[in-house]
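*Asks:* Encoded as structure tokens, here's the structure I'll be asking about.
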Amino acid sequence: MKILIVEDERHLADSMQALLRSKGFEVEAVYDGEDGAQYAELGIYDLLILDVMMPKINGYDVARMVRKQHCNTPILMLTAKSELEDRIEGLNAGADYYLTKPFDSRELLACINAMLRRQGTQVNDMFFGNTHLDLSTCKLVCGENSIRLSPKEFDIMRFLLQTGEKNLSKETILARVWGYNSEAVGNHVEVFVGFLRKKLKAIGSNICIEARRNLGYHLEVEADAEET
């Protein structure tokens, strides 16, 4: 799971980042609303944690900008404000939950896990065509055949399954799988997509990873041989 923290109190942001990484999450942190909006609109995160009072753009406006892009990523809003009107404004801006500072780390983790469960990001299997990805074992399964994926193959396949027939650019896949500041290039994506195609074929899957020039990759189900 990949989480973005947008918080101008660096000590708090870094503390949350360390806590969440210790629990197995991939976490990135930025320290103002402008950077937060740019990162969030990439659509590569499973959860956004937004402070309200930040330089350049406040958390309410960041949430509105994210929702305007039709991004349904769960948003946990953090604030020192505890008035009812402030909570209502945050929820109306697009936040899914509102946590008032100061908060206990256990409460933060409980909120995050509850939000991820509601979004269905903690299911055990993802399906497409005649194939499913077992999230607990990192295996692609088709009927009685299965094959284990490497960490990068797993991340790419999971991302493709999440978006289905929607095109994912190489840049978006790089940011999601290798990290926003990674030095990896498009060829890395091409290589791992090639590995995945071979593994899908090996287990008899009817899933195709299709490439569209200048658009990226998406999944399709192959037409039945008898129909072609």
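The numbers here are math on the coordinates, done by the rules we state, and not lab data. Just so it is clear, the structure is predicted and the values come from calculations on it, not from any experiment. Note: ideal-geometry Cβ built from the backbone for every residue, glycine included; neighbour counts use all protein chains shown.
*Asks:* Using the Kirkwood radius over Cα pairs, work out the Stokes-Einstein diffusion coefficient for segment 2-118 at 37 °C and 0.692 mPa s, in µm²/s as a whole number.
*Replies:* Roughly 238 µm²/s, to the nearest whole number.
*Asks:* Taking the Cα-to-Cβ direction at residue 19 and at residue 64 and moving 7 Å from each Cα, how far apart do the two end points lie in nm?
*Replies:* 2.9 nm
*Asks:* Between segment 15-64 and segment 197-213, what's the alpha-carbon centroid distance in Å?
*Replies:* Taking the Cα centre of each part, segment 15-64 and segment 197-213 sit 34 Å apart.
*Asks:* Working out 0.36 nm times the residue gap between residue 150 and residue 187, then minus their Cα-Cα distance, what length gain in nm do you get to one decimal?
*Replies:* Details: separation 37, 0.36 × 37 = 13.32 nm, distance 1.72 nm.
Extra length from residue 150 to residue 187 when fully extended: 11.6 nm.
*Asks:* To the nearest 10 degrees, how steeply does helix 59-68 sit against the main Cα axis of the chain, on a 0 to 90 scale?
*Replies:* For 59-68 against the chain, the angle is about 30 degrees.
*Asks:* Once the mean 1/r over all distinct Cα pairs of the chain is inverted, what Kirkwood radius in angstroms do you read off?
*Replies:* One over the average 1/r among Cα pairs gives 18.9 Å for the chain.
*Asks:* Can you tell me the alpha carbon radius of gyration of segment 125-227 divided by the globular rule-of-thumb value 2.2 N^0.38 Å?
*Replies:* In units of the globular-protein estimate, segment 125-227 measures up at 1.04.
*Asks:* Given a Förster distance of 45 Å, report the FRET efficiency between residue 101 and residue 135 from their Cβ-Cβ distance, rounded to the nearest 0.05.
*Replies:* Values: r = 33 Å, r/R0 = 0.73.
Plugging the Cβ-Cβ distance into 1/(1 + (r/R0)^6) gives 0.85.
*Asks:* If you stretched the chain out fully between residue 88 and residue 215, how much longer would it get, using 0.36 nm times the residue separation minus the C-alpha to C-alpha distance?
*Replies:* Numbers: separation 127, 0.36 × 127 = 45.72 nm, distance 3.87 nm.
Extending this stretch completely gives an extra 41.8 nm.
*Asks:* Okay, moving on. So what's the angle, to the nearest 10 degrees on a 0 to 90 scale, between helix 84-93 and the longest Cα principal axis of the chain?
*Replies:* 30 degrees
*Asks:* Would you list, by chain and number, the aspartates and glutamates whose Cα falls below 13 Å from the Cα of residue 2, excluding same-chain residues fewer than 8 positions away?
*Replies:* Straight-line reach from residue 2, under 13 Å: 26, 28, 46, 155.
*Asks:* Run lengths n ≥ 4 of DSSP H only: what is the helix-derived mean residue ellipticity at 222 nm for the chain, with -39500 (n - 2.57) per run over all residues, to the nearest 500? Could you put the intermediate results ahead of the total?
*Replies:* Numbers: 8 runs with 93 residues, N = 228.
Value at 222 nm, helices only, nearest 500: -12500 deg cm²/dmol.
*Asks:* Would you mind checking the pairs 23/199; 139/166; 170/198 and listing those with alpha carbons more than 21 angstrom apart?
*Replies:* In this structure, 23/199; 139/166 lie more than 21 Å apart at Cα.
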